[in-house]
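The values are calculated or read from the model by the stated rules, or taken from the named source; none is laboratory data. Everything numeric in this text was worked out from a predicted model, so none of it was measured. Cβ sites come from the backbone with ideal geometry, for glycine too, and all protein chains shown count toward neighbours. Surface areas here come from the heavy atoms of the whole protein model, side chains and all, with no ligands, DNA or RNA. Shrake-Rupley method; radii C 1.70, N 1.55, O 1.52, S 1.80 Å.
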Amino acid sequence: MKKLIGPFKQIITLRGIPLKGPIGDDQLEIISDGGLLIENGSILQIGAFSKFEGKFEVEEIKSDLVLLPGLIDSHTHMCWGGTRAEDYALRISGATYQEILKRGGGIHESVRKTRKSTPEELTNSLRGRAMRHAREGVTTVEIKSGYGLNVQDEIKMLEVIASIGEQLPINIISTCLAAHVRSKEFEDNRTYLDFIVNSLFPDLKSRKLTNRVDIFVEENAFNVEDSKYYLSQARKAGFELTVHADQFSTSGSRLAVEMGALSADHLESTAAKEIKLLSASNTVGTVLPGASIGLGMQFAPARKLLDAGACVAIASDWNPGSAPMGDLLVQAALIGAYEKLSTAETFAGITFRAAKALGLSDRGTLESGKLADLIAFEVSDYREILWHQGKLKPCLVWKEGNLIEND
Ligand code: NIG
Ligand code: FE
């Protein structure tokens with residue numbers, strides 16, 4: 001059945017904007033006093049509310065609201081056990097992320113706690129985080145494994161992630177990050193990666209637990225040569241690729257481009273050479289301001305990437321270590337202020353450009369044929385949204401045309 005939602009003070013459609021490069025706010029299509037005609041969870045038509053009025057059942061909007069596409073968070077590690085509060089306290093006292101990792105803490109600490117957690121414990125904590133994201137307007141979220149680092153616990157994480165996807169009214173895209181760091185049970189990286197390829201990949205495929213594979217290319221994680229081997233094996237096995245790249249040192253983004261990865265994520269250390277490579281490629285450069293804030297380090301060069309012609313997505317990286325805040329809108333607003341991103345560029349980074357990073361073409365803009373994933377803010381001008389620096393949350397969120405209950 002067809003349903004009309006509106007009238008909205010402004011609908012920011014984000015349609016008709018290129019996938020790559022800079023965007024001026026004057027490129028935004030703004031439909032004033034607009035309405036959306038929805039059928040079977042998708043947008044049938046969009047236009048002036050008065051054009052549709054009287055012909056369809058109406059879900060009436062009674063106050064001034066600005067409508068945007070639902071947010072897409074294309075990089076998170078939201079499934080974990082325990083906390084990393086000790087780690088955080090050490091870091092704000094001066095220890096570095098890499099030092100803590102090297103002496104067996106950091107990611108390894110979360111591996112120990114996640115392995116100890118039962119599926120029920122992981123499900124409950126992940127449900128809470130995912131519901132918070134949903135209420136804050138995130139209608140599609142990517143969630144990685146990577147705190148199991150063995151067959152049993154990686155599968156446990158991916159099963160928990162899948163079960164939350166079935167329970168909640170948002171879409172969850174999972175990714176296998178067994179190549180986060182080498183599990184302590186292995187002596188060398190290549191043996192560990194071979195173990196993942198031979199003992200985990202077949203199960204992931206046959207049980208359809210994920211079709212995406214990620215690797216942390218970095219000192220104290222995996223070098224370029226081993227990562228290239230692993231990504232080639234993953235591609236051969238039919239997985240889509242994404243890479244943790246250029247967080248502390250460069251080379252990951254070059255590899256991501258070379259391997260045709262959907263996205264290269266982090267990029268805090270990305271410099272001129274890498275910017276050029278990313279811009280000439282179809283690999284999305286995903287910046288993770290939450291990790292810069294969590295580690296007290298520089299933001300990724302989003303402005304330079306856009307000016308060079310790259311496709312830039314913005315994601316939360318929500319994880320217990322480097323990015324515990326998990327507030328996508330706050331983080332997008334902050335990187336926008338520091339990197340001088342236009343409102344249009346920031347909105348694009350958390351909607352249709354993030355969809356591209358996940359290989360999804362059915363969402364991220366408001367136009368006919370796209371999913372009716374919608375968020376509405378209680379403001380009358382779209383520029384007020386980022387002016388609140390992320391503190392103003394959407395008052396209404398729809399997933400495929402259905403309101404997500406706000407309790
Ligand atoms: O994207 N840098 C690697 N992985 C995560 C952090 C994971 C953790 O510290 O638990 C990141 O920042
Ligand atoms: Fe990450």
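Worth pointing out:
- Based on Cα contacts under 8 Å between residues 6+ apart, the chain shows a relative contact order of 21 percent.
- With a Cα cut-off of under 27 Å and a minimum spacing of 8 residues unless on different chains, the lysine pairs in the range 109-256 number 29.
- Residue-span extension gain [Val151 to Glu367] - 0.36 nm each, minus C-alpha spacing: 73.6 nm
- Cβ-based charge dipole, the chain, positive-most Cα from Gln233, Gly146, Met131: Gln233
- Packing around the peptides 142-148, 7-13, 125-131, taken as the average count of other Cβ atoms within 10 Å per residue, puts them in this order, highest first: 142-148, 7-13, 125-131.
- Mean Cβ count within 10 Å, highest first, over the residues of peptides 338-351, 252-265: 252-265, 338-351
- Accessible surface calculations at 1.4 Å, restricted to protein heavy atoms, place the range 73-180 at 35 Å² per residue.
- Label-point gap, in nm, between Gln389 and Thr191 - each point 7 angstrom along Cα→Cβ: 5.1 nm
- Within a Gaussian network of the chain (alpha carbon springs, distance under 10 Å), most fluctuating of Asp33, Asp246, Asp153: Asp33
- The simple spin-label model puts a point 7 Å past each Cα toward its Cβ; for Asp381 and Lys116 those points are separated by 5.3 nm.
- Whichever lysines have a C-alpha closer than 22 Å to that of Lys304, once near sequence neighbours (fewer than 8 apart) are set aside: Lys20, Lys273, Lys276, Lys340, Lys356
- Most mobile of Val379, Val312, Val138 in a GNM of the chain (Cα contacts under 10 Å): Val379
- Dividing the summed helix terms, -39500 (n - 2.57) for each DSSP H run of n ≥ 4, by the number of residues in the chain produces a 222 nm estimate of -10000 deg cm²/dmol to the nearest 500.
- Residue separation of Ala237 and Ala95 scaled by 0.36 nm, minus their Cα-Cα distance, works out to 47.2 nm of gained length.
- Farthest toward positive dipole pole in the chain [+1 Lys/Arg, -1 Asp/Glu at C-beta], among Leu37, Phe201, Gly104: Phe201
- Mean projection of the Cα convex hull over all viewing directions, computed for the chain: 18.5 nm².
- Of the peptides 190-199, 64-73, the order by per-residue mean of other Cβ atoms within 10 Å, starting with the highest, comes out as 64-73, 190-199.
- Near-label residues of the range 107-146 by backbone N, under 18 Å of a point 7 Å along Cα→Cβ of Arg207: 114-124, 143-146
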